[in-house]
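Working notes, structure below.
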Amino acid sequence: IDINENAKARVRVAAACEKLKKILSANAGAPLNIESLMNDIDVRGFLKREELEELVKPLLERATGPLEQALAEAKLKVEDIDTVELVGGCTRVPSLKAAIQKFFGKTLSFTLNADEAIARGCAFSCAILSPVFRVRDFSVHDIVNYPIEFTWEKSPDIPDEDTSLTVFNKGNVMPSTKILTFYRKQQFDLEAKYAKPEMLPGKMNPWIGRFSVKGVKANSDNDFMICKLKARLNLHGVLNVESGYYVEDQEIEEPIPEAKEGEKKDGDVGVDFVGVKMSQEDSTSEDLADERAPKRRKPSLTSSSPAQAMDTDAPNGSAEKPKTRKVKKQVRKGELPISSGTASLDQSSKDAMAEKENSMFMEDKL
């Protein structure tokens with residue numbers, strides 16, 4: 001009989017095979033019995049575990065690939081791992097357990113409920129986000145799985161400028177905010193897309209969105225406007241260029257902090273580049289993440305060394321006002337409007353989904 005001719009027969013065989021696989025996880029051999037499969041014909045068979053393992057050998061050989069990749073990305077060796085906990089229904093397969101145990105060279109742990117562990121974690125995450133439930137806040141740090149890059153057109157005034165930059169690298173913690181700095185005399189566009197489309201699941205479109213920065217013009221000296229754009233990847237992995245503003249370099253006086261004994265004194269070094277650079281804003285710190293700009297310094301800019309920035313010590317016994325130094329600082333001067341076109345759903349679809357979510361929310365309350 002050809003079960004492909006009968007959809008119901010095919011489904012029944014698939015269900016029986018699934019049951020057989022599960023029985024073979026605990027037994028060395030198991031029978032297959034299907035009564036009246038099609039045309040009033042009964043089907044019987046018997047399968048040994050070794051035969052099944054031979055059939056799925058190509059899949060088992062791939063099992064350690066993701067483990068090697070995970071260790072490489074975490075910059076760890078097998079010896080650095082203390083315990084290995086298996087979760088997920090398929091981890092009951094004896095040959096899979098053996099392959100993982102051989103890879104790590106240590107006894108595996110099964111203290112969690114293999115079927116429920118991941119669903120339970122997802123339920124906790126949902127409860128933390130929900131406005132209805134109150135649960136203890138677990139600290140969950142999600143990471144960027146697919147790197148995101150920005151591309152832009154080369155400025156006619158900067159012939160050797162780079163035109164792309166990977167802003168959110170694989171492994172970055174979410175949520176994350178980056179500040180992109182551009183030097184421009186006219187309005188410009190930039191596009192966001194996934195840097196490695198081959199890593200994306202299925203046939204996903206790698207293009208994310210296009211952002212147009214308006215209101216950019218040369219300053220009174222026909223010099224570049226310093227444009228800063230805030231790109232944010234939120235808790236849910238959604239990218240948006242939230243805001244844009246421009247800054248100007250201004251020389252201001254600030255008191256020199258008194259260095260405690262044993263501490264090094266550092267002066268300010270004012271260096272700027274024509275092109276683009278990127279800095280990162282995290283909940284803990286703000287630091288320069290990447291600089292890919294052509295290092296062409298503006299003629300008006302000065303760079304002061306620590307020795308120059310510090311005044312000599314005042315004569316002993318004189319009560320003088322605190323020492324100050326002149327430093328160049330960037331002062332925010334105004335906003336830059338941004339218009340965007342993205343691959344996201346249209347507004348009517350979002351409104352319909354929000355309405356559906358609200359109705360579900362009301363049902364929960366009832």
For this session: Could you please put Asp351, Asp82 in sequence from largest to smallest accessible area, using a 1.4 Å probe?
Result: Asp82, Asp351
Exercise. Ser344 to Thr151: FRET efficiency via 1/(1 + (r/R0)^6), r the Cβ-Cβ distance, R0 22 Å, to the nearest 0.05?
Worked result: 0.70
Exercise. Whole-Å semi-axes of region 80-142's equivalent ellipsoid, largest first, each the root of 5 times a Cα gyration tensor eigenvalue?
Worked result: 30, 14, 8
For this session: Report the full-extension gain for the segment Cys126 to Leu55: residue separation times 0.36 nm, less the Cα-Cα distance, to one decimal in nm.
Result: 21.6 nm
Problem set entry | For peptides 104-113, 353-362, sequence by mean Cβ density within 10 Å, most packed first | 104-113, 353-362
Problem set entry | Distance violations [Cα-Cα > 31 Å] among Lys19/Lys77; Lys48/Lys77; Lys329/Lys350; Lys230/Lys326; Lys8/Lys356; Lys19/Lys170 | Lys19/Lys77; Lys48/Lys77; Lys329/Lys350; Lys8/Lys356; Lys19/Lys170
For this session: Using a 10 Å cut-off on Cβ atoms, rank the peptides 86-94, 331-339, 221-229 from the highest mean neighbour count down.
Result: 221-229, 86-94, 331-339
Exercise. If you wrap a convex hull around the C-alpha atoms of region 210-252 and split its volume per residue, what is the figure in Å³?
Worked result: 88
Problem set entry | Semi-axis lengths (Å, descending) of the ellipsoid that matches the C-alpha gyration tensor of region 1-115 | 37, 14, 12
Seminar exercise, completed: Residue separation between Lys326 and Glu355 times 0.36 nm, minus their alpha-carbon distance, gives in nm 4.8 nm
Exercise. If packing is taken as the mean number of other Cβ atoms within 10 Å per residue, what is the order of 197-205, 26-34, 176-184, 147-155, highest first?
Worked result: 176-184, 147-155, 26-34, 197-205
For this session: Take the alpha carbon gyration tensor of region 159-212, find the square roots of its eigenvalues, order them as a ≥ b ≥ c, and report rounded if a/c is under 1.5; if not, report prolate when a/b exceeds b/c, else oblate.
Result: prolate
Exercise. Where does each of Arg134, Arg325 land when they are ordered by accessible area, with a 1.4 Å probe and the largest first?
Worked result: Arg134, Arg325
Seminar exercise, completed: Glu198 and Thr83 label points (each 7 Å along its Cα→Cβ direction) are spaced in nm at 3.9
Exercise. Per q in 0.10, 0.13, 0.15 1/Å, what log10 I(q)/I(0) does a Debye calculation on the alpha-carbon atoms of region 158-255 return?
Worked result: -0.37, -0.59, -0.74
Problem set entry | List Phe168, Phe133, Phe103, ordered by accessible area with a 1.4 Å probe, largest first | Phe133, Phe103, Phe168
For this session: Classify region 71-204 as rounded, prolate or oblate from the Cα gyration tensor: take a ≥ b ≥ c as the square roots of its eigenvalues, call it rounded if a/c is under 1.5, otherwise prolate when a/b beats b/c and oblate if not.
Result: prolate
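The values are calculated or read from the model by the stated rules, or taken from the named source; none is laboratory data. Everything numeric here is computed off the predicted structure, so don't read it as measured data. Neighbour counts are summed over all protein chains in view; Cβ atoms, including those assigned to glycine, are modelled from backbone coordinates with ideal geometry. Please note that ligands, DNA and RNA were not included when accessible areas were found on the heavy atoms of the full protein model with its side chains. Shrake-Rupley method; radii C 1.70, N 1.55, O 1.52, S 1.80 Å.
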